[in-house]
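Some notes on the structure that comes next.
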Amino acid sequence: MSQERVGILEEWSSWSEDLCRRELPSVLPRLLSMYEHSESWVEHIQILKIMIEMFLPHMNHLTLEQTFFSQVLPKTVKLFDEMIYELTTQARGLSSQNVEIQATLRNILQTMVQVLGALTGCVQHVCATQESIILENIHSLPSSVLHVIKSTFVHCKNSESVYSGHLHLISDLLQALFKGAYSLQKQLMELLDMVCVDPSVNENEDVLNMVLVIHSLLDICSVISTMDQAFHANTWKFIIKQSLKHQSVIKSRLKHRDIINSLCEDLLFSFHFCLQLAEPMPLSDTQGGQDNANYRLFQKTLKLCRFFANSLLHYIKEFLPFLSDSCCPLHQLYLQIYSKFPPSLYAARVSKAHEEEIAGTFLVALDPLISQLLTFQPFVQVVLDSNLDLPCELQFPQCLLLVAVMDKLPSQPEEVQALWCTESRVPAAVSRQSLLQAIFHSFEQCSGELSLPVHLQGLKSKGQAEVAVTLYQHVCVHLCAFIASFHPSLFPELDAALLNAVLSANMITSLLAMDAWCFLARYGSAELCAHHVTIVAHLIKSCPGECYQVINLSILLKRLFFFMAPTHQMEFIQKFSPKEAENLPLWQYISFQALPTEPRKQTAQEVTRIGSMQCRKWLDGSHTLGELESLNSVLSALVAVCASAGETLDIGHQTAITEVGSQLWTFLSVKQVTDQPCVQQTFSILLSLLGFFVQTLHPQLICQVVNLQTSLLKFGPPDHVCLAIVDFVSSLGKLFIPHTLQDKILPNLSCILALLLADKNWLLEQHTLEAFTQFAEGTNHEEIVPQCLRSEETKNKVVSFLEKTGFIEETEAAKVERVKQEKGIFWEPSAEVAAGETCAKRARHEFPLEEQYRSAVQAVVRGLEATESLLQKAPAPTWLLVEMEGLKARIQQLKHRVLKGECRTDCTTRQTV
């Protein structure tokens, strides 16, 4: 800077206020020109300070934008950006030995602090001279100040990496820089608090400038979120306040999605930090009082979570109509929070005291979120989206969310209930489930939480303490309560959802739907219950062949039948009379215990009479496999009679059953049972039937049965056949075998039990252990008991079962981790299974060796699952990819042969027709 300019600037800086006021018109243009053409940062800041400190107080506040801000501030921002760039560039050379670089960087930082001070002077001047500010008159000031503030905070945030280990050499000036930006933002927020925007004009500059200010502050929030909690919260408070203050004119201009996204991200960050603080903190820290630093930080962070939750709720309440594209982050926010909080399998491990504190301080503040969004159609669409593909850790929170929605609907008008409880029926709309469908779908995905099981807060009863409940109990109780308040116009949706869930391939989902249906039967009228029983009965009769849907419906029918009024039961007996052979398959699914004494006796004897007659008819006929399926249904009906009304049968009826059972047994052979699934079913049913009369069976017949079982087990029959054998053998425990047949029966009995005890199937193993214990406790032939325990492994297994000790010692944490891994590996959407099962099935005997096919395919599936599990644990060997390509080629060949076979079958069928 020339000596002449230095002298002029020194002279101006010494003028009095009156002289500055008088000379302003002539001096200001010269200062502006000097500022524009100055070359050094020192000269820049000197001129800027003179203009702000000496002459700005005397300028007309209505013309500040034109005469000063618009001419000075752009140059100032450019100057500041150049200094930031120079800092970043020079910082690489900073070290304690390089004194020159150190001095340069400190000079730049000092100059930047002076720039912040000058801008603070501008803001303070405007605040002091104006009670109400029109933003258009100063619009360059907020935008320039916010740019400088953000640049400062970004530089401070990145200082660790920028100054690469030498931060201590300039940390004092960086701290001063941060404080200057902090102070400048506080002053600016005070100024903006004084701004007025004309509500009658939507498109003026004031509106656009205010929107720009809010979005700029939003950017600053993302920078300072990890730097200063209190400052971050105050900035957010100001954003929400200004958004609401100018809501009427800026509501359609704000980037609502960005604001919601940022709020959700900051809320989640604070929540995760809160959990990180709580996780390693022992309970003693909580009890230690306010002197503990960790606990104080935990409480401070928890209050910040509550602040963000309240801010979010406030913003949603005011701007809900504009949040249609913000529903996904809001949905994810809820799921993410509850996935990290007990009882989720993926929750942080915190003490019960900390858990209760988080729930009572933060989660209770977040709870109204669902209420606010309950009537918002876009939120409904997101939550019930049919294509919602959630990772394992978010499936449980989704189920909790749906239950929470369900709890709130009874207090809502019919149109809101309909919004949630009906599917989307507009062809162009995105596919959407009903709430009930979504609950069942979400519930079946919580396999890990159901099997562990996790426990949730239960309902309080009068005079009783609150008891924790399983997820199944939680969903079932809330579902039944919802059904009790269901609007009558939505009953078709309820019926459809319950029926679809009952027909689910997932057993636990089907069971939940049955429980809910039974509640409906008891809660509703007797006529409604009778109507449902009739519908289910017709559905069972109309189902082709044997499938899991029939099994599910049959369980439901059996349960519903108990809730029918006696008069309706009599009507059912007349409508589906057991005197007609075509109705016998239906009676296999009904418990006769549900009927009053006299109707039970009459119906049971009628089923026995007609059933025995149908068996003799088959015996007298051609004995074709095609008729064997209907015979199996008749035999199952006889089993149902013996199981639930055996005491009503006189000697004649019992004899009729044992006679046909004995005659049918003579038609069975090992080869037939091994090769034909339909004969396997006959074998299993006959074992159950004969088991009821084991004390009256001819010893020679028992010898034949045991011999056939022994031979059959050597061929590895399906599990359901083995289970039937187990049940029959357990019934022999109290039977005394004649001496003449002991040598033929007892060795085979010990062989059967030994083979079954050695089986690795966990379900079969459990049933066999129970059967063996029952047999050993009741048998008169104790000598064969040790013969069943042929290996040390089997002996240890039996001893562990008797002593009720587990085979594997597993900690609670290890169990949770195992369940999480199993859920991730084995869970599959059951919809795929159901889709493959719903087509009409051919009778099983039309597929030769079907069970062998099924077993072979299951072995392949198990191999693939094992490979998938190994890949998660360690890298694959180099040869694996080659082997997989070879398998792929073989699968393609087999697929071609299957398709070719189907085409040949279809052509044959068409020719026959």
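The values are calculated or read from the model by the stated rules, or taken from the named source; none is laboratory data. Please read these numbers as outputs of a predicted model, since none were measured by experiment. Methodologically, a virtual Cβ is constructed for each residue, glycine included, from the backbone with ideal geometry; neighbour enumeration extends over all protein chains shown.
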- Query: Which of the residues spanning region 363-378 are surrounded by 14 or more Cβ atoms within 10 Å (Cβ to Cβ), in a helix (DSSP H, G or I) and aliphatic (A, V, I, L, M)?
  - Reply: Leu363, Ala365, Leu366, Leu369, Ile370, Leu373
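When region 135-164 is examined, which residues are found to be outside any helix (DSSP H, G or I), surrounded by fewer than 18 Cβ atoms within 10 Å (Cβ to Cβ) and in contact (Cβ under 8 Å) with a residue 24 or more places away in the chain?
Ser164
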- Selection status of Leu746, at pLDDT 85 or above and buried (at least 18 other Cβ atoms within 10 Å of the Cβ): no
- Considering region 379-410 alone, what residues qualify as being surrounded by fewer than 17 Cβ atoms within 10 Å (Cβ to Cβ) and either in contact with a helix residue (DSSP H, G or I) (Cβ under 7 Å, 6 or more places away or on another chain) or assigned to a helix (DSSP H, G or I) (or both)? Leu390, Asp407, Lys408, Pro410
- Query: Which one of these does Gln398 not meet: (1) touching a residue at least 60 places away in the same chain (Cβ under 8 Å); (2) more than 22 Å from Leu345 (Cβ to Cβ); (3) among the polar types (S, T, N, Q)?
  - Reply: (2)
- Cβ-Cβ under 7 Å pairs, at least 6 apart or on other chains, region 764-785 side without any contact (Cβ under 8 Å) to a residue 60 or more places away in the chain and farther than 21 Å from Gln695 by Cα, far side part of a helix (DSSP H, G or I) and among the acidic types (Asp, Glu): Leu764/Asp719
- Task: Among the candidates Ile101, Ile84, Ile108, single out the residue that is touching a Gly at 6+ places or on another chain (Cβ under 8 Å), part of a helix (DSSP H, G or I), of a type in the set (A, V, I, L, M, F, W, C) and at pLDDT 90 or above.
- Result: Ile101
- Message: Going by what's in this entry, would Lys245 be described as at pLDDT 95 or above and within 22 Å of Val145 (Cα to Cα)?
- Response: no
- Just to be sure, is Lys579 charged (D, E, K, R), touching a helix residue (DSSP H, G or I) at 6+ places or on another chain (Cβ under 7 Å) and under 26 Å from Leu499 (Cβ atoms)? no
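I need a count of the residues in region 29-70 that are closer than 24 Å to Gln110 by Cα and either hydroxyl-bearing (Ser, Thr, Tyr) or assigned to a helix (DSSP H, G or I) (or both).
25
Hey, any hits in region 436-455 for a residue that's of a type in the set (D, E, K, R) and under 18 Å from the mean Cα position of the chain (by Cα)?
Within region 436-455, one or more residues are of a type in the set (D, E, K, R) and under 18 Å from the mean Cα position of the chain (by Cα).
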- From the residues in region 330-362 that are under 13 Å from Ala309 (Cβ atoms) and hydroxyl-bearing (Ser, Thr, Tyr), which one is surrounded by the fewest Cβ atoms within 10 Å (Cβ to Cβ)? Thr361
- Check region 651-662 and report whether any residue there is closer than 27 Å to Tyr548 by Cβ, free of Cβ contacts under 8 Å to residues at least 60 places away in the same chain, surrounded by 14 or more Cβ atoms within 10 Å (Cβ to Cβ) and of a type outside the set (Phe, Trp, Tyr). no
- Message: Against the definition (within 28 Å of Pro566 (Cα to Cα), in contact with a helix residue (DSSP H, G or I) (Cβ under 8 Å, 6 or more places away or on another chain), surrounded by fewer than 15 Cβ atoms within 10 Å (Cβ to Cβ) and not aromatic (Phe, Trp, Tyr)), how does Gln605 come out, yes or no?
- Response: no
- Note on the structure: Within region 711-748, the residues that are on the phi < 0 side of the Ramachandran plot and part of a loop (DSSP other than H, G, I, E, B) are Lys714, Phe715, Pro717, Pro718, Leu732, Gly733, Lys734, Leu735, Phe736, Ile737, Pro738
- Answer yes or no as to whether Pro74 is at pLDDT 90 or above and out of contact with any helix residue (DSSP H, G or I) (no Cβ under 8 Å at 6 or more places or on another chain). no
- Looking for whichever is closer than 17 Å to Cys476 by Cβ and hydroxyl-bearing (Ser, Thr, Tyr) here; the options are Thr534, Thr509. Which one fits? Thr509
- Query: Hey, among the residues in region 37-74 that are touching a Ser or Thr at 6+ places or on another chain (Cβ under 9 Å) and of a type in the set (Val, Ile, Thr), which one's surrounded by the most Cβ atoms within 10 Å (Cβ to Cβ)?
  - Reply: Val72
- Could you give me the residue pairs with C-beta distances under 8 Å whose first residue belongs to region 788-800 and is in a loop (DSSP other than H, G, I, E, B), whose second residue is among the β-branched types (Val, Ile, Thr) wherever it lies, and which are 6+ apart or on separate chains? Leu789/Val798
- Query: With (1) at pLDDT 80 or above; (2) part of a helix (DSSP H, G or I); (3) of a type in the set (S, T, N, Q) as the list, and Asn780 as the residue in question, which single condition is left unmet?
  - Reply: (2)
